[in-house]
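Take a look at the structure set out below.
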Amino acid sequence: MSSVKTQNQTLIALLCVLALTGLLLFGCSSASPAAPEASGNAAPTAPAAAAEVAESPAVEAAKPSKFGLILSTGGLGDKGFNDSLYAGAVQAKEEFGLDFDYVEPVEISEFEGYQRDMAASGEYDLIIAIGFTQIDPLLKVAAEYPDQKFVLIDGDIEDVPNVASVTFRNEEMSFLVGALAAFMTTTEGYPQIDPANAIIGALGGEEIPPVISFMTGYVSGAKYINPDIDVIVDWSGTFADPAIGKEHTLSMYDRGADIVYLAAGATGLGGFEAAKERNRFVISLGSQLTSENYLAPDNSIASAGSALEEVVRQQVEAIVNGSWTPGHKSSGLVDRTMGWYREGSNVEIPDEFVTIINDLEARIVSGELVIPSTYDEVEPWLADHHYTQP
């Protein structure tokens, strides 16, 4: 059976129901992430009590009390995607007073079981699933439990009445750091860089649409600045193996890259070890709250990332205030849910480069630059777009 990790080690809630025969007292409890795992199908004592409350016209309907979080493979500690979403869940808990349970699937095959267990329990006002690879099982489970509300983050589901989905235009923030890498790789004065060779790299996890958009944005940004730059793109095939990430990153350094963009979840953590070992540069993923720059402050130039924690907070807020709606939303720089970040890095970036990257961001926000998100779009786009020094 799947297991669910819960918040609040010893939360004791007293639910009192006044009846003519006296006062009935019901005890409810949940456990914290540090506690032993509890069953995902824990006895739904709160819904049972709520049924008795509903019989009394003097008591209001139960307010939202709990949401569930199904993380992507790689789990907590990836210093990126999963950690950002968990941070958002903690923020939502503190702000709105809701508890949450979370699970950390190891294999893609586990998603459906976790989704079904949470939905079947009847405990959750909202179940949040993370990652493109949760789409197929979620479509099945959502149909089985039409009264359960779901949110899919980083995957597109439309026209399902009990599912909201949010995707990110990853190509936009990746374009910015790709442009930055193109400037940096030919700049003198850094021992980590060979300015005579314009070669950079990028490491993706699984070759799926959301990650492909990271790569296309990075390549487009670099070649927009320097059409002659060589961009090496490697795929690790996993989001959960730092050793493979280190191996791929070292391989790109051996092929001449002095900057590698890490878009591979926990696999990318190995890239930081490679950067420190070879004294080369990386560009990482992460929001301001979960920036990975601190993992190698002398070797990480910047982070690109989505404010995933804010997306979680917004979805929980909508459940609390009754404004939640199904449907798909695409989020980008214009929504201020993503960007590039320097927090945690000791690497000095010339002010001129910062100004240019910020200007490119403004042009994307305005709609002047629409960045390609698929392989087929890159070359035609680059044929019509070239950076011109102001």
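The values are calculated or read from the model by the stated rules, or taken from the named source; none is laboratory data. Remember, predicted model here, so these are calculated numbers, not experimental data. For neighbour counting, all protein chains shown are included, and Cβ atoms are generated from backbone atoms with ideal geometry for every residue, glycine included.
Just checking: which of the strands (runs of 3 or more DSSP E) contained wholly in segment 247-348 hold 2 or more residues that are over 30 Å from N162 (Cβ atoms)? Give the steps one after another, and end with the answer.
Details: elements: 259-263, 281-285, 300-306, 327-331, 338-341.
It comes to 259-263, 281-285, 300-306, 338-341.
Just for segment 96-125: of the residues that are among the aliphatic types (A, V, I, L, M) and more than 18 Å from the chain's Cα centre (by Cα), which one is nearest to P326 (Cα to Cα)?
Residues of segment 96-125 that are among the aliphatic types (A, V, I, L, M), as a first pass: 98, 103, 106, 108, 118-120.
Of the ones still in play, those that are also more than 18 Å from the chain's Cα centre (by Cα) are 98, 118-120.
Numbers: L98: 21, M118: 19, A119: 17, A120: 20 Å.
By that ranking, first place goes to A119.
Hey, could you check segment 175-219 for residues that are over 22 Å from the mean Cα position of the chain (by Cα) and of a type in the set (S, T, N, Q) and say which is modelled with the lowest pLDDT?
It comes out as N197.
List the strands (runs of 3 or more DSSP E) inside segment 139-241, counting only whole elements, that have at least 3 residues being closer than 23 Å to N346 by Cα.
Result: 199-204.
Take P64 and tell me if it is closer than 16 Å to Q314 by Cβ, part of a loop (DSSP other than H, G, I, E, B) and either touching a Cys at 6+ places or on another chain (Cβ under 9 Å) or not assigned by TED's automatic domain parsing to the domain that holds D241 (or both).
Judged against the criteria, P64 is a match.
Considering only segment 243-297, how many residues are small (G, A, S), under 23 Å from T73 (Cα atoms) and surrounded by fewer than 19 Cβ atoms within 10 Å (Cβ to Cβ)?
Number satisfying all stated conditions: 1.
Right, V316: within 30 Å of G189 (Cβ to Cβ) and buried (at least 24 other Cβ atoms within 10 Å of the Cβ) or not?
Here the answer is no, as V316 does not meet what is asked.
Among the candidates G245, G201, G155, G237, single out the residue that is under 26 Å from L269 (Cα atoms) and in contact with a Gly (Cβ under 6 Å, 6 or more places away or on another chain).
Just one listed residue meets the conditions, G245.
Just to be sure I understand, how many residues within segment 107-137 are free of Cβ contacts under 8 Å to residues at least 40 places away in the same chain and among the aliphatic types (A, V, I, L, M)?
The qualifying residues number 3.
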